[in-house]
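No lab work stands behind these numbers, since they all come straight from the coordinates. Here the structure is a predicted model, which means the values were calculated and not measured. All Cβ positions, even for glycine, are placed from backbone atoms using ideal geometry, and neighbour counts span all protein chains on display.
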Amino acid sequence: RNTLNALTARLEAAPAERLRRLSDRLEALDRIRQTLGYTETLRRGYAVVRGDGAVVTTKAEAEQASGLEIEFRDGRLALGPRKPKRAKPADPPPEQGSLL
């Protein structure tokens, strides 16, 4: 009789215990997810650079972007449209002296 009562109690507690374990596991996974997110990277002092709405990862991409936006941990900073580089003026032709 005691064994039956003990087994019944365990059977009744099993769903609640399983739910508690799953909940603990879910909370642990969420903590890991949060540490892997880019906002945690921002908190560590890094910044995210975007150009034309997309993440910029190279100097070449930054040079091609019409404007840049830098995201820090406390907000975003828009850097206006970039002015096109002026072409270097051509050197004047050397003066040719008289051959006569």
**Report entry** Estimated vicinal HN-Hα couplings, Hz - region 6-13 in sequence order (Karplus 6.51, -1.76, 1.60; Gly, Pro = x)
**Finding:** 5, 5, 5, 5, 5, 5, 6, 7
Report summary line: Which residues qualify? For Leu79, with a placed amide H closer than 5 Å and at least 5 residues away or on another chain, they are Leu68, Glu69, Ile70
Query raised in the report: Farthest toward the dipole's positive end in the chain, which of Ala54, Ser66, Pro15, given Cβ charges of +1 (Lys, Arg) and -1 (Asp, Glu) about the Cα centre?
Result: Pro15
**Report entry** From phi via Karplus (6.51, -1.76, 1.60), per-residue ³J(HN,Hα) for region 21-38 in Hz, x at Gly/Pro
**Finding:** 5, 5, 5, 4, 5, 5, 5, 5, 5, 5, 4, 5, 4, 5, 6, 8, x, 5
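Name the shape class, rounded, prolate or oblate, that the alpha-carbon gyration tensor gives for the chain, where a ≥ b ≥ c are the square roots of its eigenvalues, rounded holds for a/c under 1.5, and otherwise prolate holds if a/b is larger than b/c and oblate otherwise. Write down the numbers at each step before the final one.
Working: a/c = 7.87, a/b = 5.63, b/c = 1.40.
It comes out prolate by the Cα gyration axes.
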Requested in this report: Note down the magnitude of the dipole of the chain about its Cα centre, charges +1 on Lys and Arg C-beta and -1 on Asp and Glu C-beta and zero elsewhere, to the nearest 20 debye.
Outcome: 480 debye
Query - Extension gain from Leu79 to Ala13, taking 0.36 nm per residue of separation minus the Cα-Cα distance - result: 17.8 nm
